[in-house]
Each structure stands twice: as C-alpha cells, then as structure tokens.
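Participant: The structure under discussion is supplied below as structure tokens; questions concerning it will follow.
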Amino acid sequence: MLPFRGRPLLEHALGVVRAAGCGPVVAVLGAARAQVRATAETGDCVLVDNPDWESGMGSSLRAGLAALPAEAPAVLVMLVDTPGVTPAAVARLLAAHRAGGELVAAAYGGRRGHPVLIGARYFAEAAQGARGDAGARALLAAHPGELRLVECGDVAVPDDLDTPADLACWTAEGRAGGAPSGGGRS
C-alpha cells in the first residue's frame, strides 16, 4: 500500500504485468490485505490472502501457485516493491518462455534478479522449495543449466524498496523506470 506516483505500489505492479500481456493476474496479499481489498484498484485481478505472510515470501509464492488456473502454462513472479521493472522487461521474459524457456529470470548486468518466470512443470518443485524468504531460490539453484537469464538492464532496474529512504529516493527523483542514485538491491 506504499504510495508510488500517487497510487499504491500494488497498482503500479499490476499495471506493469498487464501492460506486458500477463493474464490472468493473481496478487498475493499479506499484512495489509483488508486495506488493499478496501482501497486498491485491482480490477479483475484474483486476490489471494496469505495468512502466513510473516513467515516470508516463500509462503506467498506457495499461495500464489495454489491459486493458479490448472491450465496455466507458466507463472511470472513479480515483487510489488520493484517499481523499476517495466512492461518491456516482463515482455522479454514472456518472449523467452514462448521460445521454450521454462525457467527464465531477468538479469541486470548479467546478474539474476526479478521478475522470474516458472513453467508449469516446475510448479510443484517451486512450492516445495519455497520456504522463509527464499521464494524460488531453491528451484533456480537446482536447475542452473535450464535457467535462462534475459538481460533487462537496458529497459528496467532491479532496485527494490526495502527502507523508507529507498522509497524517498524514488519519489524525490520522480523515476519513471530509471534507477535512483543509490537505493535498493536486487
């Protein structure tokens, strides 16, 4: 629910994935789930509550995977606190999947970051390995030869908003997809 360009970060993230062509869109809600449901404009997004959100992003990944339609060929996992991820970056991951990639991750200067795309054949393994704040880390580590890194550093930035200072940098600099000087990490 942190404000970004006058609207909650969640709305920004939903706009990015929709603009890139993702759908259906599932958003996993944690601490502020009641506030999100009451105030955020989520459109046709499927909202999934994660009552175990305090245990880390692994529980959110499991909740999101469980909510996917049975016929989903893949899932794009995007963190809400990465406002520098653009529709162009997401579109590159989708294109890599259409070209046969089942495990695809954005890269920034050759370094793996977010978002990450997971093909359906890996859903169960991703859910099993998603513990604490690890998310899909165990899955990606188990299949290094199958992971496709897609360079996105020319169209997006990986910085995440971990602190009030990170948010202040983005807000003060009025970033529209560019990185603040300093700021978060990937």
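The values are calculated or read from the model by the stated rules, or taken from the named source; none is laboratory data. Remember, it's a predicted structure, so these values are computed and weren't measured experimentally. In this analysis, Cβ positions are derived from the backbone assuming ideal geometry, glycine residues included, and neighbour counts consider all displayed protein chains. Heavy atoms of the whole protein, side chains included, go into the accessibility calculation; ligands, DNA and RNA do not. Shrake-Rupley method; radii C 1.70, N 1.55, O 1.52, S 1.80 Å.
Participant: How many residues are in contact with a helix residue (DSSP H, G or I) (Cβ under 7 Å, 6 or more places away or on another chain) and charged (D, E, K, R) if we restrict to segment 53-89?
Facilitator: Adding up the residues that qualify gives 2.
Participant: For residue 79, state whether it is outside any helix (DSSP H, G or I), buried (at least 17 other Cβ atoms within 10 Å of the Cβ), of a type in the set (A, V, I, L, M, F, W, C) and in contact (Cβ under 8 Å) with a residue 60 or more places away in the chain.
Facilitator: Here the answer is yes, as residue 79 does meet what is asked.
Participant: Continuing with the same structure: I need the full set of residues from segment 43-56 which are part of a loop (DSSP other than H, G, I, E, B) and surrounded by 17 or more Cβ atoms within 10 Å (Cβ to Cβ), in order please.
Facilitator: Passing the criteria: 45, 50.
Participant: Sticking with this structure for a sec: Taking segment 23-42, which residues are modelled with pLDDT under 95, open to solvent by less than 70 Å² (accessible area, probe 1.4 Å) and in a loop (DSSP other than H, G, I, E, B)?
Facilitator: Result: 23, 30, 32, 40, 42.
Participant: Let me ask something else. If you go through segment 135-152 one residue at a time, how many are part of a loop (DSSP other than H, G, I, E, B) and within 16 Å of the chain's Cα centre (by Cα)? Lay out the reasoning, then the answer.
Facilitator: Step one: list which residues in segment 135-152 are part of a loop (DSSP other than H, G, I, E, B), which gives 135-136, 143-146, 152.
Within this subset, residues satisfying the condition of being within 16 Å of the chain's Cα centre (by Cα) are 135-136, 152.
Final tally of qualifying residues: 3.
Participant: Now, a different point. Could you please find all residues in segment 3-22 being assigned to a loop (DSSP other than H, G, I, E, B) and surrounded by fewer than 16 Cβ atoms within 10 Å (Cβ to Cβ)?
Facilitator: Of everything in segment 3-22, those that are assigned to a loop (DSSP other than H, G, I, E, B) and surrounded by fewer than 16 Cβ atoms within 10 Å (Cβ to Cβ) turn out to be 5, 6, 21.
Participant: Let me ask another. Take the residues in segment 83-134 that are open to solvent by less than 10 Å² (accessible area, probe 1.4 Å) and either assigned to a loop (DSSP other than H, G, I, E, B) or without any contact (Cβ under 8 Å) to a residue 12 or more places away in the chain (or both); name whichever of them is nearest to residue 17 (Cα to Cα).
Facilitator: Filtering segment 83-134 for residues that are open to solvent by less than 10 Å² (accessible area, probe 1.4 Å) and either assigned to a loop (DSSP other than H, G, I, E, B) or without any contact (Cβ under 8 Å) to a residue 12 or more places away in the chain (or both), the one nearest to residue 17 (Cα to Cα) comes out as 85.
Participant: Are any of the residues in segment 57-70 open to solvent by less than 20 Å² (accessible area, probe 1.4 Å), assigned to a loop (DSSP other than H, G, I, E, B), under 19 Å from residue 126 (Cβ atoms) and not acidic (Asp, Glu)?
Facilitator: no
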